[in-house]
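**Q** Okay, handing you the structure first.
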Amino acid sequence: MTLLDARPLAQVIYRRFPSYWTAGLEAFQGWRHGGERPPARLDVMTSIGGSNLDVLQVLLQSLAETHPRDRIQFWLFYMRLAPQDLTDLSAFVERLPNLTLHPVQVQERKDFDLLSKLGQKPYGARFLWYTAHLYLPADIKRIIYLDPLDTIVTNDLLPFLKQPLLGQYLAACREAPFAPPLICGPARQAAARGASPDKIRRISKGVLNSGAIVINLDKLRRDRVGIDAYIETARWAQAEMGLSFGDQGLFSLTHGSNYVRAHDRYNFRFHDAPARGPRLPPAVVHFAGRIPKPFHLRLTPDQERQITAALDRTGARELPLNPTQKIKRHDLAYYRQWWDICARTPVYDRIAPLAGAYATKVLSEQLPALQDTSVTPSAR
């Protein structure tokens, strides 16, 4: 059998047994870098724009608390932020003795504004991690990227940072962790070889989830990957295919499945996970999917009991909060965990009343509606 003949078989094996790789790798990485280990340096980054920079305090607090003996270098990529907001965040970080903040202002504003326009997404700052290898010091070979406002760190990230990258650009979790993985090359090449529009559209949603990733800075530097590659792909995707996309979708369209799979505990999207919970404790909790962002929804213990009682009484699996967002019984603990961390930060005083008022409003509207609706088989 030639190597070419063996490739389809290898893809079938990878599609059917990917969890064996991540489970085995996680056990090995935990043995090498977990447990009672010496202090280490962790390089972590995010990218952000808009008016909620102070909410980043929650992620930073969680990161500092879970790595009390480590030296955390936190790189904040941005294009436009109010100077006072940066000053206030720096003052907060001074309270965290093991974390150093490094603001990095990205200069290619027109390029990222163009990507936002072509992708039909309003958040150009989401794409900024594409330039991490161009702005960070050359002695940093890899870095963890975390979404700024809807993730918290709950366990050791060093095994994730040290994961073997096997020459790939990223370590990441799949966008659809409970579906067979999509293996593909760059989308333009796939389309030229006859890939269906449905497959290209699936790629545009992202073959990986970028909420928590390890970026192989060294590899991107060696391959001289620049923003032009993304702009070229974005123009093609919008003009020829009529696609919209975010950062993970455009990365996938440009590079295909150029990533090595990480264990889902490093990007635990609890809302879409089985209700029984993760087999290993999550290291990054990600408020992804059709749920409210955590800083928008603060539930009291009594409101949690009301939700649980309504779901028990009706047999429904989830409570609709609005036309696009729902909440499940097992989601409640993660919102509670986020707000427990938030309560130890200054931003709590600003956002807690707003999030509490929103919770009261939506529950007053949706709980009676759930009780008055008969349960269909599909809702069970």
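The values are calculated or read from the model by the stated rules, or taken from the named source; none is laboratory data. For clarity, every value in this text was computed on a predicted model and none was experimentally measured. Glycine also receives a Cβ, built like all others from the backbone with ideal geometry; neighbour counts cover every protein chain displayed.
Yes/no matrix, rows are residues, columns are (1) surrounded by fewer than 17 Cβ atoms within 10 Å (Cβ to Cβ); (2) under 23 Å from residue 156 (Cβ atoms):
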residue: 267; (1), (2): no, yes
residue: 272; (1), (2): yes, no
residue: 293; (1), (2): yes, no
residue: 303; (1), (2): no, no
residue: 307; (1), (2): no, no
residue: 312; (1), (2): yes, no
residue: 320; (1), (2): no, no
residue: 340; (1), (2): yes, yes
residue: 344; (1), (2): yes, yes
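**Q** Kindly establish whether residue 50 is at pLDDT below 65 and under 20 Å from residue 146 (Cβ atoms).
**A** The answer is no for residue 50.
**Q** In addition: For the structure I just gave you, tell me whether residue 103 is part of a loop (DSSP other than H, G, I, E, B), in the same structural domain as residue 53 (by TED's automatic domain parsing) and either modelled with pLDDT of 95 or more or under 21 Å from the mean Cα position of the chain (by Cα) (or both).
**A** It is false that residue 103 is part of a loop (DSSP other than H, G, I, E, B), in the same structural domain as residue 53 (by TED's automatic domain parsing) and either modelled with pLDDT of 95 or more or under 21 Å from the mean Cα position of the chain (by Cα) (or both).
**Q** Now a separate question. Might you let me know whether the range 172-195 holds any residue that is assigned by TED's automatic domain parsing to the domain that holds residue 45, on the phi > 0 side of the Ramachandran plot and not aromatic (Phe, Trp, Tyr)?
**A** yes
**Q** I would also like to ask the following. I'd like the full set of residues that are touching a strand residue (DSSP E or B) at 6+ places or on another chain (Cβ under 7 Å), in a helix (DSSP H, G or I) and in contact (Cβ under 8 Å) with a residue 60 or more places away in the chain, limited to the range 61-100.
**A** 62, 63, 66 - these are the residues of the range 61-100 that are touching a strand residue (DSSP E or B) at 6+ places or on another chain (Cβ under 7 Å), in a helix (DSSP H, G or I) and in contact (Cβ under 8 Å) with a residue 60 or more places away in the chain.
**Q** Filter the range 221-253 down to the residues that are touching a residue at least 60 places away in the same chain (Cβ under 8 Å) and over 22 Å from residue 175 (Cα atoms) and list them by number.
**A** Scanning the range 221-253 gives 221, 225, 226, 227, 231, 235.
**Q** Any idea which of 187, 212 is within 30 Å of residue 158 (Cβ to Cβ), in contact (Cβ under 8 Å) with a residue 60 or more places away in the chain and in contact with a Ser or Thr (Cβ under 8 Å, 6 or more places away or on another chain)?
**A** Exactly one of 187, 212 is within 30 Å of residue 158 (Cβ to Cβ), in contact (Cβ under 8 Å) with a residue 60 or more places away in the chain and in contact with a Ser or Thr (Cβ under 8 Å, 6 or more places away or on another chain), namely 212.
**Q** Restricting the range 77-100 to residues that are hydroxyl-bearing (Ser, Thr, Tyr) and under 25 Å from the mean Cα position of the chain (by Cα), which is surrounded by the most Cβ atoms within 10 Å (Cβ to Cβ)?
**A** 78
**Q** Would you please name the residue that is modelled with the lowest pLDDT, looking only at residues in the range 37-46 that are in contact with an Asp or Glu (Cβ under 9 Å, 6 or more places away or on another chain) and surrounded by 13 or more Cβ atoms within 10 Å (Cβ to Cβ)?
**A** Applying the filter and picking the extreme gives 37.
**Q** Could you tell me whether the range 266-281 includes any residue that is of a type in the set (A, V, I, L, M) and modelled with pLDDT of 95 or more?
**A** Within the range 266-281, none of the residues are of a type in the set (A, V, I, L, M) and modelled with pLDDT of 95 or more.
**Q** May I pose another question? Looking at 148, 177, which one is touching a helix residue (DSSP H, G or I) at 6+ places or on another chain (Cβ under 6 Å) and surrounded by fewer than 20 Cβ atoms within 10 Å (Cβ to Cβ)?
**A** 177
**Q** Taking residue 285 as meeting all but one of (1) in a loop (DSSP other than H, G, I, E, B); (2) within 27 Å of residue 175 (Cβ to Cβ); (3) modelled with pLDDT of 95 or more, write down the number of the exception.
**A** (1)
**Q** Another question, if that's okay. State all residues of the range 198-222 that are within 18 Å of residue 185 (Cβ to Cβ) and among the hydroxyl-bearing types (Ser, Thr, Tyr); if no residue qualifies, say none.
**A** Hit for the range 198-222 is 204, nothing else.
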